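Have a look at the structure below, then the notes.
The values are calculated or read from the model by the stated rules, or taken from the named source; none is laboratory data. Quick caveat: nothing in here was measured; it's all calculated off a predicted structure. Cβ placement follows ideal geometry from the backbone for every residue including glycine, while neighbour counts extend to all protein chains displayed. Calculation scope for accessible area: heavy atoms of the full protein, side chains included, ligands and nucleic acids excluded. Shrake-Rupley method; radii C 1.70, N 1.55, O 1.52, S 1.80 Å.
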Amino acid sequence: MLADLGAEVVRVESPSGERDGGFAGPMQDGFSIYYAVYNRNKKSIGLNMRAPEGQQLLRELVAHFDVIIENFRPGLLDKLGFSFEELQKLNEKIVLVSISGYGVDGPDAHRTAFCNVALAGSGYLAVSGEPFSQVHHTGVSIADRLAGVHAAVGAVAAIAGRAMTGCGSHVDVSLLDAALSMIEFPLATFLSTGARPPVNGPTRRAGSSPNHIFHAKDGLVLINAPKQDQWERLLATMDRADLADDPRFSSPLQRQTEEARVGIEGLIDEWIRDLTVEEAQEILIGADVPASVVNEIDAVASNKQLHHRNMIVEVENPVSGAPLYVTGNPVKIIGAEDQIASPAVLGAHNDEIYGGLLGYDEDKLEDLHARGII
């Protein structure tokens, strides 16, 4: 995200060739699409951080950068000699952003986590599934992405704070905390009232009604019309304005009761089942009722709004030169053009960073490369 917004981001990678994320498929012409998605716009240098000479190179680099982002297991950076305190000795304005499974401290700080591990531990998965049945995994890495967003915000906040204090700071973001932020309302409700959150089924969302996925003639449509004016427009759309004064559906809270939900969903099911998804969506949008076709991936790929917003971007495969597609930057700065560049091959910027920034000559660079330091 920071690179997309114009920051110069240099990814420090093992010179062994084992790129973090580079193993993940599918591949295009020998280059990982997964790696391309998450590393576009970044420069790449090889650096053996366990070798004394590699550590010395990193010490020299610290003076030239504003932010260091790391996601080692907590404590490993300290063991390598790069605790926040040591980094501050090298550059008092440095901002260190640590992303880990459970945070840098606490009884679980030592544990390893991936996205779904954090979602399970946060309570997110327990409220996502079918009541009295098995919970559901998510189809995408929500906690990973959200932790990255929080880390980017934290980095920017730390830089803003540095402008006032003159000192850097250590930003600590965990996957578990990021996942927990998604269930803040159910958790706050439980802590305040003791009420356990309902389980959200695969087609229904608790907390508002109607908020459900319905079966049209040729696909699925999600309708989410909880506000009173939205509900009344939906009734008029279905030619059931006579129900606007029905006491079962008299308020947003009343419509959340189980009896009301069943009745509402039955009404909409009856109305929508003879419509195509496009017909239903056009009618609902025309009535200003929040709704959307549940798009399959091919429909997402051709979505006119996403293309207009430059959210589907063609870059170049750095190995073959073939077109390779990544998502765009969701943060738009009005008046500025999005800048999405191709990912780099491993060590593509060794000369630029070590030579141009640190002043190492060609012979020294060749020696470091030959010995696996860079």
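List of remarks:
- Residue in segment 54-75 that is touching a residue at least 60 places away in the same chain (Cβ under 8 Å) and either farther than 24 Å from residue 162 by Cα or touching a Ser or Thr at 6+ places or on another chain (Cβ under 6 Å) (or both) present: yes
- Pair list, Cβ under 6 Å, 6 or more apart: segment 285-313 residue among the small types (Gly, Ala, Ser), other residue open to solvent by 50 Å² or more (accessible area, probe 1.4 Å): 287/233; 292/222
- Residues in segment 251-261 that are among the polar types (S, T, N, Q), exposed (fewer than 15 other Cβ atoms within 10 Å of the Cβ) and closer than 16 Å to residue 230 by Cα: 251, 254.
- Tally, over segment 234-249, of residues that are outside any helix (DSSP H, G or I) and open to solvent by less than 100 Å² (accessible area, probe 1.4 Å): 4
- Search result, residues across segment 41-54 that are over 31 Å from the mean Cα position of the chain (by Cα) and either polar (S, T, N, Q) or under 16 Å from residue 76 (Cα atoms) (or both): 51, 52, 54
- Selection status of residue 284, in contact with a Phe, Trp or Tyr (Cβ under 9 Å, 6 or more places away or on another chain) and either of a type outside the set (D, E, K, R) or over 16 Å from residue 209 (Cβ atoms) (or both): no
- Segment 185-239, subset aliphatic (A, V, I, L, M), modelled with pLDDT under 90 and in contact with a Pro (Cβ under 6 Å, 6 or more places away or on another chain), residue nearest to residue 294 (Cα to Cα): 206
This table checks each residue for (1) at pLDDT below 95; (2) within 33 Å of the chain's Cα centre (by Cα).
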position: 246; (1), (2): yes, no
position: 262; (1), (2): yes, no
position: 267; (1), (2): no, no
position: 273; (1), (2): no, no
position: 298; (1), (2): yes, yes
position: 301; (1), (2): yes, yes
position: 333; (1), (2): yes, yes
